[in-house]
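Here is the structure we will look at, set down as structure tokens.
Derivation of every value follows stated rules applied to the coordinates shown; laboratory data play no part. Keep in mind that this is a model prediction, so the values were computed, not measured. Cβ placement follows ideal geometry from the backbone for every residue including glycine, while neighbour counts extend to all protein chains displayed.
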Amino acid sequence: MAKTKRGCLGCSLPVAIIIVVVLLALFLIGFIAGPVGQSLFGNILPRWLSVPEPEIELPANVLFYIFGFPVTNTLITTWITMVFLVVFSIAATRKMKIIPGRMQNLFESLLGFVYNLCQDVAGEKNGRAFFPVVCTVFLFVGFNAWLGLIPGYNSLTLNTAEGVVHVLRPANTDFNTPLAIAISAVVAVQLYGLKTLKFKYVQKFFNFGRIFKSFGFLFKGKVMDGVIELVTGIVEALVGFLELISELVIHIISFTFRLFGNMTAGEILLMMIGFLVSMLVPIIFYGLEMLIGFIQAIIFAGLTLIFLTTAVSHHEEEHA
Amino acid sequence: MDPTAVKLLSVGLIGSIGLMGPALALGLIGFSALNGLARNPEAGGRIFTSMILIAGLTEAIGIYALIIAIILAMVVK
């Protein structure tokens, strides 16, 4: 039997040419039906090929009210992510074997990746203790971002009193979800620090020990030493206060804005690209969005891990 | 000046000047990561992981500028 000619990518040359022609035709149709082609050629293609102009609104739309509590579309997607994670976990751990099946293998590789990261950064014992918080943050943020790319999100619409709203919207694009995760992570960091170091952790922020020592020097009559200790004591107290503000306020703000900004920019980018060229080009941007979602999850979880590690470690004497 | 003109001008300035800093910083991160990789190819995994983490942190500053531009353009009338 004669072998087929190995053209490009394993198919014969006529098949490859047909595939390229079909893809090019799709791209041209999408281009002409979009706004650029419409301004160049006019409306030559039927209406159902063109995408309506997207309206971008930052706050999430309320769908209905339960006992006066507004249920927005991002809240529904958060519930969907939670249900998905629970079902996925139960399905993966139902009949655990020593040589894992496919679902269990996938789950094990994902968790193993986060576990190795925890142990690399925080050491053996601390890594095991920090693993639940870090892995929860990673899985929640990651699957919020990934599930938001399934077709159906941002496309199904509902006619409510305020007009046409989307039923499902990726959960990280609402400002409240990153804020909630950031507050939980920061509170977890402070709780771990207080539990491990007890009073010395509070001393990191309210550092008045040197000022009291300077008063002791001044009473004993050593004026020069006393003044030096007083000045350095005041500087240390200010540094501690600055660290307090940085830990509580700036971490929450930067966590929130990083995740919210990345996800909202990605959503707006996808909507605009889908509007400009409706076929074939959005695939490239879908790949970019998947990568960005994964990287943002790693960054969120990794930063939480680093803050946990520094909060638990004993402050070595930095000043000789 | 006309408020709409000022708004559009400021959004354009944010997009051009505000995003220059993070772009330069990301280029420097890549430069140092490649330098370290060329000197010590065995530490490739750790260098790559650190580079991704630091790049994500620096990217956040560009995202702050983007958020300001989006809020100015779409929320302020």
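Things worth noting here:
- For the protein assembly as shown: rounded, prolate or oblate by the Cα gyration tensor [a/c cutoff 1.5]: prolate
- Percent RCO, i.e. relative contact order, over chain A, from Cα pairs under 8 Å lying at least 6 residues apart: 24
- Shape call, region A:1-160: gyration tensor on alpha carbons, a/c limit 1.5: oblate
- Tensor-based shape of region A:17-97 (alpha-carbon gyration tensor, a/c under 1.5 rounded, otherwise prolate or oblate): oblate
- Taking the longest Cα principal axis of chain A as reference, the axis of helix A:251-276 is set at about 10 degrees.
- Links that overshoot a 31 Å alpha carbon limit, given the list A:Lys195/A:Lys222; A:Lys200/A:Lys222; A:Lys198/A:Lys222: A:Lys195/A:Lys222; A:Lys198/A:Lys222
- Dividing the summed helix terms, -39500 (n - 2.57) for each DSSP H run of n ≥ 4, by the number of residues in chain A produces a 222 nm estimate of -23000 deg cm²/dmol to the nearest 500.
- Sites A:Leu238 and A:Lys200 - FRET efficiency at Förster radius 25 Å, r taken between beta-carbons, to 0.05: 0.85
- Chain B, relative contact order [Cα under 8 Å, separation at least 6], %: 50
- Proximal lysines to B:Lys77, defined as alpha-carbon separation beneath 29 angstrom and excluding residues fewer than eight positions away on the same chain: B:Lys7
- Part-to-part distance (alpha-carbon centres) for region A:84-110 and region A:245-262, which is given in Å: 33
- The reciprocal of the average 1/r between distinct C-alpha atoms defines the Kirkwood hydrodynamic radius, which for region A:167-281 equals 18.0 Å.
- Note on A:Lys95: lysines with a C-alpha under 29 Å away, same-chain residues under 8 apart excluded, are A:Lys125.
- Axis of helix A:281-312 versus longest Cα principal axis of chain A: the two differ by about 10°, to the nearest ten degrees.
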